[in-house]
Amino acid sequence: VESLPGLASRLFDFNLTRAQERTLNEIEKDLKYPIPMNRLLQGDVGSGKTAIALAAAAAVAQTGYQVAIMAPTEILAEQHARIAIPIFKKMGIHAKLLTGHMRVAARRENIEALKSGAIQIAIGTHALIQSDIEFKNLVLAIVDEQHRFGVKQRARLQEIGLIGTGKTPHTLLMTATPIPRTLALTVYGDLDVSL
């Protein structure tokens, strides 16, 4: 199995920083562990959090499982999709954008594709956690700007994964909001933190 830093170096046309490599190694170790990952990825805007998330998503999708990447706004979800979908397509991974403003027929088609597993990576907004959404085998839930989602919304993503696979999915939360490590451990005591 290819390492996450190795996969990332094939996905992107730039060299990873040491911090990015370290973080990818931490995530790779978590993904191989039988207990679901619950990790907070903290970094400044432009530090490469999205690259880390896309590499982790590609690694999971290549193993035949599904990934959800949830952003708080349609603009951010669309930005992620514009970057990610062409990258994933080159690797033969089927990714799709799902938002609340989709046409009814397209939404219905995407919901069926999620249920069947045809969509390997779903990028979207709160639309990913609506009551009619079902994944076949959601194994990784990535939440960007996690502080803009409530506890129940993040828990709903985990519940959707549990319904499909019988197991709680790995969770990667991302934030650019600086949180001192001691505060992060207090507020997010059940999370591992990567900087």
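Just so you know, all these numbers are worked out from the coordinates, no wet-lab data involved. As the structure is a computational prediction, the values presented were derived from the model and not from experiment. Cβ atoms come from the backbone with ideal geometry, glycine included; neighbour counts cover every protein chain shown.
Details
- Normalised contact order of the chain, rounded percent, pairs of Cα under 8 Å and 6 or more residues apart: 28
- All other residues whose Cβ lies under 12 angstrom from that of VAL45 are scored, Lys and Arg at +1 and Asp and Glu at -1, for a net of -2.
- Nearest-20 debye value, the chain charge dipole, Cβ charges on Lys, Arg, Asp, Glu: 200
- At most 14 other Cβ within 10 Å, DSSP loop - trypsin sites (Lys or Arg not before Pro), region 87-138: ARG103
- MRE, 222 nm, helices only [DSSP H, n ≥ 4, -39500 (n - 2.57), over the chain, to nearest 500]: -14500 deg cm²/dmol
- Among the listed pairs LYS32/LYS152; LYS90/LYS167; LYS32/LYS167, a Cα-Cα separation exceeding 25 Å is found for LYS32/LYS152; LYS90/LYS167.
- Region 42-112 shape via C-alpha gyration tensor axes, a/c threshold 1.5: oblate
- Options SER194, ALA84, ILE52, ranked by Cα towards positive dipole end of the chain, top entry (Cβ charges): ALA84
- For region 1-134: rounded, prolate or oblate by the Cα gyration tensor [a/c cutoff 1.5]: prolate
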